[in-house]
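The values are calculated or read from the model by the stated rules, or taken from the named source; none is laboratory data. Fair warning: this is a prediction, and the values are worked out from it, not measured in the lab. Virtual Cβ from ideal backbone geometry, glycine too; neighbours counted across all protein chains shown. Ligands, DNA and RNA are excluded from the accessible area calculation, which covers all protein heavy atoms including side chains. Shrake-Rupley method; radii C 1.70, N 1.55, O 1.52, S 1.80 Å.
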Amino acid sequence: MSLINAYAALDAKAKLKQFHIERREVGANDILIDIEYCGVCHSDIHTARNEWGQTQYPVVPGHEIAGKIAQVGNKVTKFKVGDSVGVGCMVGSCQNCPSCRDGLEQYCDVGFVGTYNGVEKGRQGYTYGGYSSKIVVDEKFVLKIPDNIPLDKAAPLLCAGITTFSPLNHWKVTKGSKVAVIGLGGLGHMAVKIAVAMGAEVSVVSSSNKKKEDAFKFGAKEYINSSEQNALNEHLNKFDFILNTVSMNTDLGQYVALLKLDSTMVQVGAPEKPNSINVFPLIFRRRQLAGSLIGGIAETQEMLDFCSKHNVTPEIEIIEMNKINDAYERIIKGDVRYRFVIDIKSLNQD
């Protein structure tokens, strides 16, 4: 295949810039996608700047990909040219381990293949992500985007959507569940919308009142400003489930104490350094502190269909590709409500 347009970071301190990459030829089970939109995840920034210490350069970020199928391999059975499809955080897994056989490819015993900065079995080099005009993906890792979800709004569902849907689904949040969502950013606002659609009574925990109005607009019943004196203490032993979407270092025990007996707080935010926790809030109420990644392919499709049924979509700001470095700085400052989405047509016009 000829070279295609992309944006890449060439080292940890470099700004992203236009770059050319080569995609593999379309194999029998592959799908070639013309990318139309790609969401911007904080993980893109961590990887581009090697903040997790595993980046291989050049790196082309982007794992919230939405577009149209341009070509299918001769053994593809689930899709056809012209379909609206998405690609999330992974493009491969071993397919043989117990996790993969159970539809939990994200927990592949060998390790799933990341959409970018991942190593594909049997191929040389590292995967390139969605800050590019085209991508080739095995049909097993392609999602069908429902007709009533616009592609620009579908893109963030492939990471922010499934990252929050999966724990809410796994821990069986349902009608009447009392749920707290910590943080109202790209992940948090999706968690609120999804939990509300599941029938839960949702409270938002945030460190200021800046997003209070938005929280209620998204369906929350209560807003807790954790910086106010005694605000957290007034909600001890209250919640059936807490989802912590914040990627900052803090004492998790103060939030665990908000759980009822035998209830769970799940961590999806990934701070750069280990968090501390006072274990006594866990011990004295038999509470659980857990973690959750994304979902498997089947669960991700379930999430898309759920969002389609309940009209759940993210709040987005469309940007051109050449504004990506500015977008990164704004994300770090918390200056986005609530997810940047790149119009990939702008990449092809550079």
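Assorted remarks:
- For region 114-185, trypsin sites (Lys or Arg not before Pro) meeting the loop criterion (DSSP other than H, G, I, E, B) and having at most 11 other Cβ atoms within 10 Å: K121, R123, K172, K175.
- Annotation note: trypsin sites (Lys or Arg not before Pro) in region 227-328 located in DSSP loop regions with a Cβ neighbour count of at most 12 within 10 Å are R286.
- Computed on region 129-195, with alpha-carbon pairs under 8 angstrom and 6+ residues apart, the relative contact order is 30 percent.
- With the highest mean first, a sort of the peptides 6-14, 95-103 on other beta-carbon atoms found within 10 angstrom per residue produces 6-14, 95-103.
- Region 171-311, accessible area per residue, ligands and nucleic acids excluded (1.4 Å, Å²): 47 Å²
- Restricting region 201-276 to GluC sites (Glu not before Pro) in coil, as DSSP defines it, with at most 16 other Cβ within 10 Å: E228, E272
- Taking amide H positions as modeled 1.01 Å from N, with prolines and chain starts lacking one, the residues under 5 Å from V205 and 5 or more places away or on another chain are V181, I182, G183, I224.
- Between region 252-267 and region 184-219, the alpha-carbon center distance in angstrom: 18 Å
- Value at 222 nm in deg cm²/dmol, rounded to 500, when DSSP H runs of n ≥ 4 in the chain each add -39,500 (n - 2.57): -6000 deg cm²/dmol
- Our note on the geometry: Cα centres of region 27-45 and region 91-167, 9 Å apart.
- Helix axis angle, 297-310 relative to the chain longest principal axis, alpha carbon, degrees: 70 degrees
- Estimated vicinal HN-Hα couplings, Hz - region 170-181 in sequence order (Karplus 6.51, -1.76, 1.60; Gly, Pro = x): 5, 8, 6, 5, 8, 4, x, 4, 9, 10, 10, 10
- Between region 1-18 and region 295-335, the Cα center-to-center distance that results, in Å: 21 Å
- Relative contact order for region 161-261, counting Cα pairs under 8 Å that sit 6 or more residues apart, in percent: 29 percent
- Taking the alpha carbon gyration tensor of region 243-350, multiplying each eigenvalue by 5 and rooting it gives semi-axes of 35, 20, 11 Å, largest first.
- Ordered from largest to smallest accessible area (heavy atoms of protein chains, 1.4 Å probe), the residues H20, H170, H189 come out as H170, H20, H189.
- For the pair K212 and E302 in one chain, pulling the backbone fully straight at 0.36 nm per residue adds 29.4 nm over the alpha carbon distance.
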